[in-house]
Amino acid sequence: MKNGSIVLTCAGIRRCLCLVLAACSGSPAAAASNRAGMSPATPFIVQSAQDQIELEPGKPIDRELSGGQRHSYRIALSEGQYIGIEIKQQGIEVGAVLKLPSGKSVTLASPFGHAKELSIARVAESSGTYQLEVYAARRAAPGRYQIQIAQLHPATENERALFKAQT
């Protein structure tokens, strides 16, 4: 584990949720712990901002991923840019979530039953820093993946129309 990473257990997360809910709403903290429904022994590894890697064209990144882990990548995009990302799975199935500059999250792929290679295409709706999270299912065996930006260019009219039709 890298310096700056934080390891939390479900019990720790549940306690934090209870405190936040109690402070914000004045409701009993027990309500949150009942809703959490998680095993107290299940660890989560949360990446700090320092652990995020800049994803750049022409620079593939190979990494190992285990069940329950998430890797985070920063991508700077301008409004109207087309980005094509390829993820090659090697012994593990991964999912991907894109966090937009607005804070909204978009699920791009889930880690269940897809091909060895994922191709993700998107047209940036606004300029800013996007965050791509690659993750494995909680009980997945360790495996490797390679991620890279395969295409990055101003979107064509066809790419814009296709993206609009898919959203």
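The values are calculated or read from the model by the stated rules, or taken from the named source; none is laboratory data. All values reported here derive from a predicted model rather than from experimental measurement. Cβ sites come from the backbone with ideal geometry, for glycine too, and all protein chains shown count toward neighbours.
Only one of Ala150, Ala161, Ala121 is over 21 Å from Gln69 (Cα atoms), assigned by TED's automatic domain parsing to the domain that holds Arg74 and in contact with a helix residue (DSSP H, G or I) (Cβ under 8 Å, 6 or more places away or on another chain); which?
Working: Ala150 fails: in contact with a helix residue (DSSP H, G or I) (Cβ under 8 Å, 6 or more places away or on another chain); Ala161 fails: in contact with a helix residue (DSSP H, G or I) (Cβ under 8 Å, 6 or more places away or on another chain).
The unique qualifying residue is Ala121.
Taking the condition of being surrounded by 13 or more Cβ atoms within 10 Å (Cβ to Cβ) and either over 19 Å from Arg139 (Cα atoms) or in contact with a Cys (Cβ under 6 Å, 6 or more places away or on another chain) (or both), how many residues in segment 90-104 meet it?
The number of residues fulfilling the criteria is 4.
Taking segment 71-97 as the region of interest, how many residues are closer than 14 Å to Gln146 by Cα and not small (Gly, Ala, Ser)?
11
Collect the residues in segment 51-70 that are assigned to a strand (DSSP E or B) and either more than 28 Å from Arg160 (Cα to Cα) or touching a Leu at 6+ places or on another chain (Cβ under 6 Å) (or both), keeping them in residue-number order. Please lay out each step first, then the result.
First, the residues of segment 51-70 that are assigned to a strand (DSSP E or B): 53-54, 57, 61-65, 70.
Result: Pro57, Asp62, Arg63, Glu64, Leu65, Arg70.
Can you go through Gly95, Gly103, Gly143 and tell me which one is among the small types (Gly, Ala, Ser) and on the phi > 0 side of the Ramachandran plot? Give the steps one after another, and end with the answer.
Details: Gly95 fails: on the phi > 0 side of the Ramachandran plot; Gly143 fails: on the phi > 0 side of the Ramachandran plot.
The unique qualifying residue is Gly103.
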